[in-house]
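The values are calculated or read from the model by the stated rules, or taken from the named source; none is laboratory data. These numbers come from a predicted model, not from an experiment. Methodologically, a virtual Cβ is constructed for each residue, glycine included, from the backbone with ideal geometry; neighbour enumeration extends over all protein chains shown. Surface areas here come from the heavy atoms of the whole protein model, side chains and all, with no ligands, DNA or RNA. Shrake-Rupley method; radii C 1.70, N 1.55, O 1.52, S 1.80 Å.
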Amino acid sequence: MTGSRGTAERPARLLLVDDDEAACRLLSEVLEREAYRVVSALSADEAIAKLDQEGPFDAVLTDLRMPRKSGLDLLRTVRGRDPEALVLVLTAFGDAAAAGEAIRAGAYDFISKPYDIQTLRETLDRALGRRRLARRRQAASPLDSGAEEPEGLALVGHSPAIIEVMKTLARVAPSQATVLVLGETGTGKELVARTIHRWSERASHRFVAVNCSALAEGLLESELFGHVKGAYTGAATSRPGLFREADKGTLFLDEIGDISPGLQARLLRALQEHEIVPLGAETPIKVDVRVIAATHRDLPELVRQGRLREDLYYRLDVVTLSLPPLRERRQDIPLLVDHFLRTLTSRHGRGPVAVDPEALRRLLGYDWPGNIRELQNVLERALLLAEQGVIGPEHLATTVRPSAAALPDVPESPALRGLEDVEREHVIRVLAATGGNREESSRILGISRRTLTRMIQRWGLPPRHG
């Protein structure tokens, strides 16, 4: 038998440890009927001896409370020999302290007796499936997989919207044009600005960034244009300002829609005349700065409301790059997940990490109001919680849930189709996404591999779907 209970070459081998001989024999028989190969032991010492003689095993299931050596002792021994070993703890003493101790010691899961056989089987199948995912990931990842991405990489993705952004970015970067980057919070506006700078002739000079919404008007004015000593109370020394610090380089003004009307006039002069006047000074200072501005606001609406100068808007809006929200480029999410996990595993000193199909389904279906920044934060949290090398749905924040609007689109048709047509189309999509892997597809679809095989045969799908 193939599927979650084993591989095409052999069924999964389990080591079952319980000092209750009758319970051990009963559970062994149940698991063997599910096509596992089970070796039983009635104590931790016997289990260690069988690990030496008959190991390795795909998973160890051990009772917690046993005489002489406990299941925790066995767990620590097994994990000490193999830090990647898969151990599930079974016990009638399901208190929180024991659960926490078992998980801290490296147990994959903690299941209280009397346990439901179906739940145990599903947990074991999921654990073994994730172990295979982790091993595939490790086999596919080079030793330096945690290395940083190439310096020229601006945006990750292959969606039409991102490809258009990249094409425009590549054309405009070598020029001296002012660029306005639009997009919701967290879509990567500063990343785009840094890439424009890196691909420009100014790359050898400074890139200076400032969040205009984070500073009060007077402080922002001093930050941008500088001041001379004594310009205002507390100005004990002169300050050059960010325009002068970015001379010959690039100045990134984030949240440009939040600056005050008075400051807008000074910024317009700097853009038009390429000169600034520090606070308290009278003589203009020439600057050679390329400005890239960004905002999540509707600037034309601010102009209509009189909150943004029209002439400043047109001065900023020479070239516009509009970044799509993540919910409009869902096909990029698997690439972004891979990109962020490579970076995060390197940062946290972790090995390669895989993503469970159900967890990926939730990531693909969520609307991401915080966009790419939110995705990165969700993945970092999940990585820190996933001790077994696989991120599952339980490691994701509870807010990450697929929305109804994110369900797969059904092609338009002149007439309504029957349920079987819709079901057939969905099964084909899942098979295509898994490369024809029936085992993975049946898990994603929530059906048995046998049922999936009958569907494939009934619909006469080509062999590649097998």
*What's the number of the condition Ser70 fails, among (1) within 24 Å of Tyr36 (Cα to Cα); (2) modelled with pLDDT of 85 or more?*
(1)
_Checking the condition among the acidic types (Asp, Glu) and in contact with a helix residue (DSSP H, G or I) (Cβ under 7 Å, 6 or more places away or on another chain), which residue from Asp52, Asp18 passes?_
Asp18
*Leading residue by the ranking (modelled with the highest pLDDT) among those in the range 332-374 that are among the charged types (D, E, K, R) and open to solvent by less than 20 Å² (accessible area, probe 1.4 Å)*: Asp332
_I'm told Leu251 meets every condition in (1) at pLDDT 90 or above; (2) over 24 Å from Gly218 (Cβ atoms); (3) not in a helix (DSSP H, G or I) except one. Can you identify the failing condition by its number?_
(2)
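To keep it simple, each residue is scored yes or no on (1) open to solvent by less than 20 Å² (accessible area, probe 1.4 Å); (2) within 18 Å of Asp317 (Cα to Cα).
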{"position": "Val192", "(1), (2)": "yes, yes"}
{"position": "Ser200", "(1), (2)": "yes, no"}
{"position": "Leu219", "(1), (2)": "no, no"}
{"position": "Gly249", "(1), (2)": "yes, no"}
{"position": "Ala270", "(1), (2)": "yes, yes"}
{"position": "Ile276", "(1), (2)": "yes, no"}
*Looking at the range 297-307, which of its residues are part of a loop (DSSP other than H, G, I, E, B) and surrounded by 14 or more Cβ atoms within 10 Å (Cβ to Cβ)?*
Arg297, Arg307
_Residues to consider are Ala294, Ala236, Ala265; find the one that is modelled with pLDDT under 95 and either open to solvent by less than 40 Å² (accessible area, probe 1.4 Å) or assigned to a helix (DSSP H, G or I) (or both)._
Ala265
*From the residues in the range 164-190 that are closer than 24 Å to Arg244 by Cβ and among the aliphatic types (A, V, I, L, M), which one is most open to solvent (accessible area, probe 1.4 Å)?*
Ala177
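Results for (1) more than 22 Å from Arg121 (Cβ to Cβ); (2) out of contact with any strand residue (DSSP E or B) (no Cβ under 6 Å at 6 or more places or on another chain); (3) open to solvent by less than 70 Å² (accessible area, probe 1.4 Å); (4) not hydroxyl-bearing (Ser, Thr, Tyr), shown as yes or no for each residue.
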{"site": "Ser28", "(1), (2), (3), (4)": "no, no, yes, no"}
{"site": "Ala44", "(1), (2), (3), (4)": "yes, yes, yes, yes"}
{"site": "Ala47", "(1), (2), (3), (4)": "no, no, yes, yes"}
{"site": "Leu64", "(1), (2), (3), (4)": "no, no, yes, yes"}
{"site": "Leu75", "(1), (2), (3), (4)": "no, no, yes, yes"}
{"site": "Leu88", "(1), (2), (3), (4)": "no, no, yes, yes"}
{"site": "Ile103", "(1), (2), (3), (4)": "no, yes, no, yes"}
{"site": "Tyr108", "(1), (2), (3), (4)": "no, no, yes, no"}
*the range 375-396, subset at pLDDT below 90 and in a loop (DSSP other than H, G, I, E, B), residue most open to solvent (accessible area, probe 1.4 Å)*: Glu387
